[in-house]
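Structure, as structure tokens:
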Amino acid sequence: MNMAVAKHEKWSSGFTFLLAAIGSAVGLGNIWRFPYVVGENGGGAFVLLYIGMVILFGIPVVMTELLIGRRYQMSPVNSLAHIGQDKPARRLWNALGWSYVLVPIGILSFYGVVAGWTLNYVVKMGSGALTGVDATTVENTFNGMMSDPVVMIFWQTVAMLITMGIVARGVKGGLEKAVEILMPALFIILLVLVAYALYAGDTSKAMDFLFVPDFSKLTGRSVLEAAGQAFFSLSLGSGAIMTYGAYLTKDISIPKMSCGVAFADTLVALLAGLAIFPIVFAHGLDPQAGPGLVFVTLPVVFDGMPFGQLFGILFFLLITFAAVTSTISLLEPMVSYLEERVPHMRLKMTFLAGAVTWAVGVLAALSLNVMSDVKPLGFIQRFADKGVFDLLDYFSANVFMLLNGLMIAFFAGWVMKRTALLEELGLEDSGLFKFWRLLIKVVVPIGVGLIFINFVTEGWLMDSLEGLFNGAMAG
Ligand code: PHE
């Protein structure tokens, strides 16, 4: 294998890396997905479960992906091929490298569609289409967008073009410039919105819902959902973090950066909950509204605010920014690989990768309206009601991200040399290092493996455990 691959640009500083990595992590997953997944899973107990997953599985895997990226400074395909080359199961590690650049393409295809919705909402807010109307009209507006293929594909295309435009300019000229502006702006606006929601909404109900756990509301599914959400939100198992790690200089502390990313990401998810649920309860809206929560609930919020239209525009603009700092990190793994194959062709390679992703995304968009009868896996009973969009979401955010995360932990824990790990993490042979290694050698593979088995057996594992537990209690 030819390992003489192109050298990639590096981040200007640890801080710009941090902004970019937080930018990747903070996205629709925090502001759109987290609140509705919490809503569907009953609130506080799920939030705790989620935080547990971030600490136990999330942070160790962020560290692992960053260290593998930085060790070899190449795309996931070539990094894993490189480390795996003289190991048994070489093919498996090659395949894992490929999975690490293909999964983000799968995610980006449907993620780009949703980023398009947020762009569309910037314009809707600006035009006054959501001003002075009741909650039902807001809901109808959302349903109208969902059923219009032309509008949806138009905005998806805009979102993809913006993404490609930034990525094409490279690490320093594109990615860094974008996150340096978008991330600080996002934080400020989010804080303003939280302050408003706490002031104008039903704070005590929202606090109860988010922070008082009722464990009876958790099901076997919640455990999988929490793990899937943690992986999705931290951009794990998808090549984004590993690729960003490849652009990291050797003087930066990976453990510190990993904790910073996980902390900021979780904070933003909780803040998004605090911006949304007080309003949900104050307006008697349903916390279990699912994917429409942000697009239906928030416009109602803004409509009631002084300068609501202005805040509304800003808010959707900024969710769009949060989405864009994630979409660029989803396109980058494939582009970095293509750049290694065909050096000095970043522009062309970006548009090649972007165009393929866009085409899959069009199918995802159509599956929500004109192609809603098409169920590609309809012959399997449990997928009988899932269209292209749902399948991409389900498989990339649950199955493949978890599998990749499990495999990468196993790889770093059992296949990579201990000295290499020590060197990259800069932790000395300390208790902390031993603890991390125990997590990735044993806890992550087994924990995520069980969650995965429970998932493929449709909750059988969880049901049996519950049965055993109840039996033991009764006996
Ligand atoms: N973490 C992003 C979010 O929460 C999504 C994402 C997943 C981005 C995988 C990059 C890679 O929205």
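At a 10 Å Cβ-Cβ cut-off, how would you order Arg382, Arg346, fewest neighbours first?
Arg382, Arg346
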Can you tell me the length gained on complete extension of the stretch Leu347 to Glu180, counting 0.36 nm per residue apart and subtracting the Cα distance?
57.9 nm
Using a simple spin-label model with points 7 Å from Cα along the Cα→Cβ vector, what separation in nm is obtained for Arg382 and Lys250?
4.7
Could you check the spin-label model distance between Thr136 and Lys172? Points 7 Å from the Cα along Cα→Cβ, value in nm.
5.9
Sequence of Phe110, Phe351, Phe435, Phe452 once ranked by neighbouring C-beta atoms within 10 Å, starting from the fewest
Phe435, Phe351, Phe452, Phe110
So, counting K/R as plus one and D/E as minus one, what does the shell of residues with Cβ under 13 Å around Val223 add up to?
-1
Using a 7 Å offset from Cα along Cα-Cβ at Asp208, what residues in segment 255-282 end up with backbone N under 14 Å from the label point?
278, 281-282
Between the alpha-carbon centers of segment 213-287 and segment 1-63, tell me the distance in whole angstrom.
6
If each K or R counts +1 and each D or E counts -1, the residues other than Glu339 whose Cβ falls under 15 Å of its Cβ total +4
Say R0 is 22 Å: what FRET efficiency, to the nearest 0.05, do Ser464 and Ala95 get from their beta-carbon distance?
0.10
Cross-link pairs Lys172/Lys417; Lys10/Lys177; Lys177/Lys348 - those with Cα-Cα distance over 25 Å
Lys172/Lys417
Using the crude model of +1 on Lys and Arg Cβ and -1 on Asp and Glu Cβ, and no other charge, please compute the dipole size for the chain relative to its Cα centre, in debye to 20.
1540
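Each reported figure results from applying straightforward, stated rules to the coordinates on display, with no laboratory input. The structure presented is a predicted model; accordingly, all values stated were derived computationally and were not measured. Virtual Cβ from ideal backbone geometry, glycine too; neighbours counted across all protein chains shown.
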